[in-house]
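For reference, the structure is listed below as structure tokens.
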Amino acid sequence: MIAKIGIAAALLWATAASAETRLTVFISSQQRPDVMRHAFDKFELANPGIKIAIQSGGTTSELQAAYLNTVMSAKDPTLDIFLLDIVRPAQFAAAQWTVPLNDQVGDVATLLKSYLPAYADADTVDGKLVALPAFADTMFLYYRKDLLAKYNREVPKTWTELAATARIIQQGENNPDLQGVSFQAAAIEGTVCTFLLPYWSAGKNLVSDGKLTWDRDAALNSFAMWTGLVKSGVAPRNVAEIATETTRKDFQAGKAAFSVLWSYGWQLFQGADSAVKDKVGVAVLPSTDGGQPVSCIGGWQWGVSAYSAHKEDAIKLVRFMSSTETSKQLAIEGSLMPVFPSLYQDPDVLKAVPWYAYALPVVTAAKSRPVTARYNEVSDIIRTQTNAVLAGSITAGDAATQMEARLRRVLK
Amino acid sequence: MPVTRSWRDPTEATLAKWLLAPAFLLLGLIVVYPVGRLLVTSVYELSLTSGLPAKFVGLDNFAMMLDDPVFWTALWNTLLIVVVTVPGSMLAGLALALVANMPFRIRWPVRLALLIPWALPLAFVGTIAAWFFQSEYGVVNDVLRHVRDHKIIWFNSGTLSMMAVCLTIIWKASSFVALILLAGLQTIPAEMYEAAEMDGAGRLRQFWSVTLPLLRPSIVVAMIFRTITALQTFDIPATMTRGGPGNATTTLAMYIHQTTVDFLDLGYGSTLAVAMFVISMAVSVVYLKQIRTNT
């Protein structure tokens with residue numbers, strides 16, 4: 001009798017254990033795990049037997065990449081799905097760290113067409129769908145509506161106009177702590193965009209079809225444009241120390257007239273503790289003289305780990321997370337930008353985040369940083385040299401020469 | 001009839017082998033095997049971003065290293081850190097040890113003050129120091145503001161960044177040196193000083209003729225430890241300057257970490273690590289010879 005009960009209990013335990021699948025998701029604390037949790041709860045409700053645990057870590061893209069690199073190169077099965085910065089899918093595909101999704105999503109072409117083109121491109125490597133878009137992001141020009149009105153100035157269309165307007169505001173306000181514009185030149189990922197914005201605006205590409213298409217003049221003009229802003233006092237002398245969060249905090253504290261920043265700033269600027277609540281406008285970034293307006297695209301992708309023990313369920317979860325339904329929820333609850341163009345006109349979304357009405361053209365026109373499996377090296381070369389030029393520890397000419405030489409080694 | 005010994009009653013030589021075996025096994029596992037693997041990997045082209053299997057390339061990686069400007073910058077920075085921070089922390093550490101060895105009535109506050117920098121994790125120290133030297137909000141500039149008009153932007157200049165990094169390393173490392181030297185100081189018998197005093201030696205003379213010679217073994221030990229850790233400098237510049245501006249404060253250890261963990265180039269990363277291993281070995285050998293000829 002006792003033996004029978006024992007066997008029955010063991011069987012019950014075994015089925016219970018096998019019925020419950022635990023998926024571990026890696027996201028950073030900056031990617032709104034609270035909002036993601038709501039989506040996971042919905043998925044758990046619809047899929048009994050699957051439980052989702054969040055593992056969060058790494059506040060910057062580089063720190064997350066370093067962590068994922070160690071986990072994945074150790075073939076560690078702990079993580080089932082993870083968020084990847086837009087610059088990473090190519091590397092993950094080359095290392096075969098994600099599960100290709102071509103056979104898992106029905107008609108691939110139709111699916112990809114529903115997303116913003118930049119994401120469809122970033123997540124397709126050599127014809128393989130290696131990740132699915134989670135949420136979009138791009139760099140914007142944030143400006144102080146009140147200050148522009150006070151000095152009767154338009155939103156600048158070029159960097160030259162921006163510098164002139166900023167000077168007028170700085171002189172008028174007579175506040176030595178007021179920066180004209182805050183942008184990033186610390187040796188961080190965002191500084192790659194800093195370098196590329198004027199380079200792209202001049203109509204040049206850094207990499208085409210995996211080959212370096214170096215334009216020395218465009219590079220020198222980019223350096224000259226940024227150092228010019230520092231020399232004229234429009235940007236602070238310590239730009240080489242400034243990382244993304246410094247820009248966000250300074251602008252939020254009312255210490256800058258303009259700032260170059262990702263979309264996450266908006267909601268924080270409207271917060272109760274913000275000095276610039278209701279005083280902020282958002283626009284497309286200025287262009288170089290005679291150039292075209294351009295932005296740097298960011299955004300995050302869901303990848304399924306090649307070492308996951310529950311690939312089928314993980315794929316199901318990733319599909320759910322990159323659906324219109326979830327994208328809409330993330331936009332409304334966390335103001336994480338939708339990856340579907342259609343949602344930028346959705347009344348519910350616009351009610352929560354009114355400025356998305358103007359965001360679609362900016363996101364659509366934004367350009368991608370070089371797509372290559374060796375992106376981490378490309379990024380390091382660009383940000384290190386840009387940081388050194390803006391610190392004033394190397395001349396723009398030397399930096400351009402070193403940058404080209406090192407990029408040629410990587411992009412053979 | 002030859003004596004056959006059972007395994008229960010081995011000769012002394014056999015017993016010694018058996019007793020030493022676990023230690024050798026352990027050493028083999030944690031030293032010989034990894035170093036061997038490192039040497040093997042260093043002659044392969046193996047990058048996880050290429051999607052290709054490992055390929056034997058002979059000494060190509062080493063040729064690439066000699067041609068790599070970042071390697072030379074990192075090597076130069078590392079040697080600079082050794083040359084500046086080893087003597088720096090030895091001097092500061094000696095001074096601290098002498099202070100701590102003074103006949104205070106209550107000794108523990110001094111000892112505790114000595115221990116704190118040593119007990120702090122390196123990454124904490126680097127992060128704290130980054131804020132200390134930050135141009136806008138840092139304590140250092142706040143103090144300097146009273147003596148000069150313009151604020152110094154430490155991390156804008158390669159030289160100033162390197163100075164800030166070295167100062168931080170000296171601060172952090174001198175307490176470790178002081179602890180070793182303090183232990184050495186306490187083994188010097190008081191009679192030696194009494195005898196010196198009887199011979200008419202002043203305090204300075206006592207320091208030169210009694211303290212320093214008797215402290216020599218401790219100084220050598222502290223120097224060896226300090227030099228090896230200085231060669232491996234990673235945490236403080238990594239958290240303080242991230243190697244910037246440009247690569248002005250990138251050390252060899254940071255470059256190895258970046259190549260393997262960030263760039264996933266295991267082959268070239270191993271090559272760089274072999275270079276660092278050779279340099280560390282060379283320094284150790286010089287020191288060990290020094291000890292042998294002096295004892």
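Read-outs throughout are calculated quantities, based only on the coordinates presented, and are distinct from any laboratory measurement. Since the structure is predicted, the reported quantities are computational estimates derived from the model, not experimental observations. As a convention, Cβ positions derive from the backbone with ideal geometry for all residues, glycine included, and neighbour counts pool all protein chains shown.
Round to a whole angstrom and tell me the spacing of the C-alpha centers of region B:202-226 and region A:175-252.
53
Would you look at the GNM of chain A, springs on alpha carbons closer than 10 Å, and say which of A:V294, A:V105, A:V239 moves the most?
A:V105
Excluding B:S47 itself, calculate the net charge of residues whose Cβ lies under 14 Å from the Cβ of B:S47, where each Lys or Arg counts +1 and each Asp or Glu counts -1.
With Lys, Arg at +1 and Asp, Glu at -1, the net is -1.
Taking R0 as 25 Å, what's the FRET efficiency between A:R167 and A:D398 from their Cβ-Cβ distance, rounded to 0.05?
0.30
Report P(r) for the protein assembly as shown: all Cα-Cα distances, bin width 10 Å, range 0 to the bin holding the largest distance, values in whole percent.
Whole-percent P(r) values from 0 Å outward: 3, 12, 20, 22, 18, 12, 8, 4, 2, 0, 0, 0.
Once every DSSP H run of n ≥ 4 in the protein assembly as shown is given -39500 (n - 2.57) and the sum is divided by its residues, what mean residue ellipticity at 222 nm do you get, rounded to the nearest 500 deg cm²/dmol?
After summing the helix terms and dividing by residue count, I get -17500 deg cm²/dmol.
With respect to the cross-link table entries B:K172/B:K289; A:K113/A:K351; A:K75/B:K17, which display a Cα-Cα separation exceeding 32 Å?
A:K75/B:K17
Straight distance only, please: which lysines reach the Cα of A:K204 with their own Cα at less than 24 Å, same-chain residues fewer than 8 apart left out?
A:K157, A:K367, A:K412
With no solvent and one point per C-alpha, what does the Debye sum give as log10 I(q)/I(0) for region A:247-315 at q = 0.21, 0.22, 0.27, 0.29 Å⁻¹?
For the requested q values the scattering log ratios are -0.89, -0.95, -1.21, -1.28.
Report Rg(Cα)/(2.2 N^0.38 Å) for chain B, keeping two decimals.
1.30
Chain A: Rg/Rh from Cα coordinates, Kirkwood Rh?
For chain A, the value is 1.02.
Count, for each residue of B:153-160, the Cβ atoms from other chains sitting within 10 Å of its Cβ, then give me the mean as a whole number.
5
Using a 10 Å cut-off on Cβ to Cβ distances, tally the other chain neighbours for every residue of B:246-252 and report the average as a whole number.
4
Please compute the modelled spin-label separation between B:A190 and B:L98, points set 7 Å along Cα→Cβ, answer in nm with one decimal.
The answer from the label model is 2.1 nm.
What does the charge dipole of region B:131-261 about its Cα centre add up to, to the nearest 20 debye, if the Cβ of each Lys and Arg holds +1 and the Cβ of each Asp and Glu holds -1?
Result for region B:131-261 is approximately 360 debye, rounded to the nearest 20.
Sorted from largest to smallest, which semi-axis lengths in Å does the alpha carbon gyration tensor of region A:298-340 give for its equivalent ellipsoid, taking the root of 5 times each eigenvalue?
Equivalent ellipsoid of region A:298-340: 23, 11, 7 Å, largest first.
Shape verdict for region B:213-286, please, from the Cα gyration tensor: rounded (a/c under 1.5), prolate (a/b greater than b/c) or oblate.
Oblate.
R0 = 56 Å: FRET efficiency of A:K231 with B:F207, Cβ-based, nearest 0.05?
Computed FRET efficiency for A:K231 and B:F207: 0.55.
Can you tell me the dipole magnitude for region A:16-127 around its Cα centre, using point charges on the Cβ only (Lys, Arg +1; Asp, Glu -1), in Debye to the nearest 20?
For this selection, approximately 220 debye.
Just B:M254, B:M163, B:M281 to compare: in a GNM of chain B, with alpha carbon springs under 10 Å, which one fluctuates most?
Looking only at B:M254, B:M163, B:M281, the biggest GNM fluctuation is shown by B:M281.
If I build a Gaussian network model for chain A, linking alpha-carbon pairs within less than 10 angstrom, which residue out of A:T247, A:T160, A:T191 has the largest mean-square fluctuation?
Result: A:T160 has the largest fluctuation of those listed.
Rounded to the nearest 20 Debye, what is the dipole magnitude of chain B about its Cα centre when Lys and Arg each give +1 and Asp and Glu each give -1 at the C-beta?
640
Could you check how many percent of all C-alpha pairs in region A:281-412 are farther apart than 25 Å?
Summing the P(r) tail past 25 Å for region A:281-412 gives 51 percent.
Expressed as cubic angstrom per residue, what is the convex hull volume of the alpha carbon set of region B:147-295?
Considering the Cα atoms of region B:147-295, their hull volume per residue is 151 Å³.
Compute log10 of I(q)/I(0) for region B:1-101 with the Debye formula, placing one identical point scatterer on every Cα and leaving out solvent, at q = 0.23 Å⁻¹, to two decimals.
-1.16
Hey, what D do you get for region A:56-128 in µm²/s if you plug the Kirkwood alpha-carbon radius into Stokes-Einstein at 20 °C and 1.002 mPa s?
Rounded to a whole number, D works out at 159 µm²/s.
List residues of region B:212-255, by number, whose backbone nitrogen lies under 18 Å from a label position 7 Å along Cα→C-beta of B:Y287.
Label zone hits: B:215-235, B:252-253.
For a test of the definition: using alpha carbon positions, the gyration tensor, and the 1.5 limit on a/c, classify region A:90-141 as rounded, prolate or oblate.
Oblate, since a/c reaches 1.5 and b/c is not below a/b.
Answer with one residue from A:T165, A:T191, A:V230: the one whose Cα lies farthest towards the positive end of the charge dipole of region A:141-249, charges on Cβ with Lys, Arg +1 and Asp, Glu -1.
A:T165
When DSSP assigns beta bridges and you keep just the ones with both residues in the protein assembly as shown, what percent turn out antiparallel, to the nearest 5?
65
Which of the pairs A:K128/A:K316; A:K42/A:K128; A:K145/A:K249 have their Cα atoms more than 20 Å apart in this structure?
With Cα atoms farther than 20 Å apart: A:K42/A:K128.
From the Cα gyration tensor of region A:34-171, with a ≥ b ≥ c the square roots of its eigenvalues, which class applies: rounded if a/c is under 1.5, or else prolate if a/b is larger than b/c, or else oblate?
prolate
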